[in-house]
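Values in this text are rule-based calculations from the coordinates and carry no lab data. Computed from a predicted model, the values in this text were never measured in an experiment. Here the Cβ positions follow ideal geometry from the backbone for every residue, glycine too, while neighbour counts run over all protein chains shown.
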Amino acid sequence: ELIPVLTIDGPSGSGKGTLAQRIAKTLGWHYLDSGALYRVLAQAALQKDLDLNSEKALADLALTLPVWFSVAEDGLRVWLDALDVSDIIRSEQVGNAASKVAALASVRQALLQRQRDFRQLPGLVTDGRDMGTVVFPDATYKVYLTASAEVRAERRHKQLKEKGIDSNLADLIVEITERDERDQRRQIAPLKAAEDALVLDSTQLGADAVFKQISAFIS
Ligand code: C5P
């Protein structure tokens, strides 16, 4: 493949989404928030009252899921059919449901080609859990971005607050740790750094410092 790809994987709240969007904007490349696909699927399943363990029904839903992205001034907007689900899919409830459906093999299979279709000229920046390991193993640049669970929970707390969503920091730490463990322990496409990824720990780094390091890495 000649079309360049930068993958940014890492646990929830590591700042990969913000970073990936900023780099995509700077380079003028496409951007794929792969986590949003799992979140929208979970949201659609919750709306339909589907059992989050029924693999066949969820995989069928994933194959035809009417999910769209659009870019607004304040960032990415995510659509489920004609419904703007950008805010609702960021709740912890949907995040947890997403990590449950994301553990199902046929769900991941159903979303694989859709993710690869985002690889278009002049290039793609994408973030998730398995972008460098499974979806784009031949990516040009791979980054694994992490940070301590406490710092990630604090960032998440702040983000939610800005969106007007109430949350409890102690609960967030527990939820984040649980979700990480589920993502790391699953059989298929577990969360881990690709062997050829640049590993960056942002516990002590601000967003600008991380952006600078990644910019230097890809230039
Ligand atoms: O990145 P985000 O927190 O939006 O992802 C939500 C959930 O979707 C993750 O906890 C993970 O279980 C799943 N996911 C995944 N593979 C990806 C991206 C997200 O399994 N590439």
Residue-ordered couplings for region 22-37, obtained by feeding phi - 60° into the Karplus form 6.51 cos²θ - 1.76 cosθ + 1.60 and rounding to whole Hz (Gly and Pro as x), are 5, 5, 4, 5, 4, 7, x, 9, 6, 10, 10, 8, 5, x, 5, 4
Given a Förster distance of 22 angstrom, what is the FRET efficiency for GLN109 paired with LEU46, based on the Cβ-Cβ distance and rounded to 0.05? 0.55
Ranked from fewest to most other Cβ atoms within 10 Å of their own Cβ, ARG185, ARG22, ARG156 fall in the order ARG185, ARG22, ARG156
Region 5-218, relative contact order [Cα under 8 Å, separation at least 6], %: 33
In whole Å, what is the distance between the alpha-carbon centres of region 133-210 and region 95-129? 16
Using the per-residue mean of other Cβ atoms lying within 10 Å as a proxy for protection, in what order, highest first, do the peptides 132-140, 31-39 fall? 31-39, 132-140
Largest first and to the nearest Å, give the Cα extent of region 139-213 along each principal axis. 39, 34, 19
Cβ crowding within 10 Å averaged over residues, with 198-209, 172-183 ranked highest first: 172-183, 198-209
Cut-off 16 Å (backbone N to label point 7 Å along Cα→Cβ of GLU178), residues of region 97-133: 97-103
For GLU162 and THR64, compute 0.36 nm times the residue count separating them, minus their Cα-Cα distance, and round to one decimal in nm. 32.0 nm
If R0 = 30 Å, then GLU73 and GLN120, at their Cβ-Cβ distance, give a FRET efficiency to the nearest 0.05 of 0.85
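As a footprinting exposure proxy, order THR26, THR126, THR64 by other Cβ within 10 Å, with the fewest listed first.
Result, fewest neighbours first: THR64, THR26, THR126.
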Given the -39500 (n - 2.57) contribution per DSSP H run of 4+ residues, what per-residue ellipticity at 222 nm results for the chain, rounded to the nearest 500 deg cm²/dmol? -14500 deg cm²/dmol
From largest to smallest, what semi-axes in whole angstrom does region 1-108 give when each is the square root of 5 times an eigenvalue of its alpha carbon gyration tensor? 25, 15, 14
When the expected Rg is taken as 2.2 N^0.38 Å, what fraction or multiple of it is the alpha-carbon Rg of the chain? 0.96
Among DSSP bridges having both ends in region 5-218, what percentage is antiparallel? Round to the nearest 5. 30
